[in-house]
1. On the principal axes of its Cα set, how long, how wide and how thick is the range 197-325? Give whole Å, largest value first.
2. Size of the chain along its principal axes in angstrom, Cα-based, largest extent first?
3. Pick from Ser164, Ser226, Ser242 the residue whose mean-square fluctuation is largest in a GNM of the chain, springs joining Cα atoms under 10 Å.
4. Whole angstrom only: what separates the Cα centroid of the range 251-325 from the Cα centroid of the range 14-59?
5. Checking the cross-link filter: which lysines have an alpha carbon closer than 22 Å to that of Lys61, excluding same-chain neighbours under 8 positions apart?
6. Go ahead and set up a Gaussian network model of the chain, Cα springs under 10 Å, then flag whichever of Pro119, Pro259, Pro288 fluctuates most.
7. Please give the charge dipole size of the range 142-234, origin at the Cα centre, charges +1 on K and R Cβ atoms and -1 on D and E Cβ atoms. Round to the nearest 20 debye.
8. Student exercise: in the range 170-325, how many lysine pairs 8 or more apart or on different chains have Cα atoms under 21 Å apart?
Amino acid sequence: MTDHHLPQVKLDDLKIGMYVILPLSWHEHPFLKSHFVIQSEGEIWKLRELGLKTVQVDAAKSRRPETPAPLQPKKSPEKRVETTELITTIRDRSLTPENKSRIVKQHSVAMMKDLLENPTAQNIKEVQKGISEIVQLILNDDSTLHYLLNITSHDFYTYTHSVSVGVLGVSLAKILFKNSDAHDLQALGVGFFLHDIGKVNIDPSIITKPGKLTPDEMNEMRRHPSQGFKILHEAKQLTDESRTIVLQHHERFDGGGYPKGLRDQEIHIYGRICSIADVYDALTSDRPYRQKMLPFTALKIMREEMIHHFQRDLFEKFIMMFRAP
Ligand SMILES: [Fe+2]
């Protein structure tokens, strides 16, 4: 029901109060209707996740600019993470695998965004409930997982990256440990999803800097694994193994990583898994200085130019995840 006379607005230029008309039918997006007034930043964010370049905006039906939405503090200390919608979606048997994967991804990213804005112990606890359901989904629903693994991100925000690495990490752990009782995949999943939580303690201008970091900025950035470990230790919510993932996800198999320059088996297997997922998602996401790579290209570069960063046989199993079912 789009009207060709209405202007197209870029996703980055959307504002609260605009009346948008989506060129999609109701089952292709997570909103109640295909045309509505944007009420929150969260909705703008969900619109971005649909992968559209522009949407139509009807100025006549938009809220007038002179009556702006009431100011809401961006970081409210009381803001609680919500996982109900995520869990309801995961348990919804009427959704097709493709739609389920898309909506689960959206809710998961929203959950991680809220957590990273308010990384309280209470919120970490709540997020674990959501992650636990996602882990169950990955373990039990191969068709949804197939789509979930093949959604790549348009933007490289810490929260979208967290979800992608979470899904990739759990999927690889599933392949490696599916016949073993020795691994707690729920706890592992929490570690993968929260691997970058330490970035909340790093200067945001460094996190979002579009160009190359200076040596000083790089040193600051490299604090995030130990900062993450500290946050989780203080929140007293995770297992030692989950925290190890956070601490070791930038270690490299050849000893060239950080913070400790561990090598080989000195790096916990969970840390070795996370580093593969982390690099793959970074390569397949758009960055300010380069476009995202196709999965095939990213895997090829990882194999041909970066293989010494990883444990080779783990990487070979990682590649197998992307084969058609
Ligand atoms: Fe990281």
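1. 41, 34, 28
2. In descending order, the Cα extents are 63, 45, 38 Å.
3. Most flexible of the set in this elastic network: Ser226.
4. 35
5. Lys10, Lys15, Lys33, Lys46, Lys53
6. Result for the chain, Cα springs under 10 Å: Pro288 fluctuates most.
7. Working: 8 positive and 10 negative charges, 27 e Å.
Using Cβ point charges on Lys, Arg, Asp and Glu, the range 142-234 gives about 140 debye.
8. Taking the Cα cut-off of 21 Å, the pair count is 12.
Throughout, read-outs are computed from the coordinates displayed, never taken from laboratory work. What you see is a predicted model; the values in this text were computed from it and never measured. All Cβ positions, glycine included, derive from the backbone under ideal geometry; neighbour counts span all protein chains shown.
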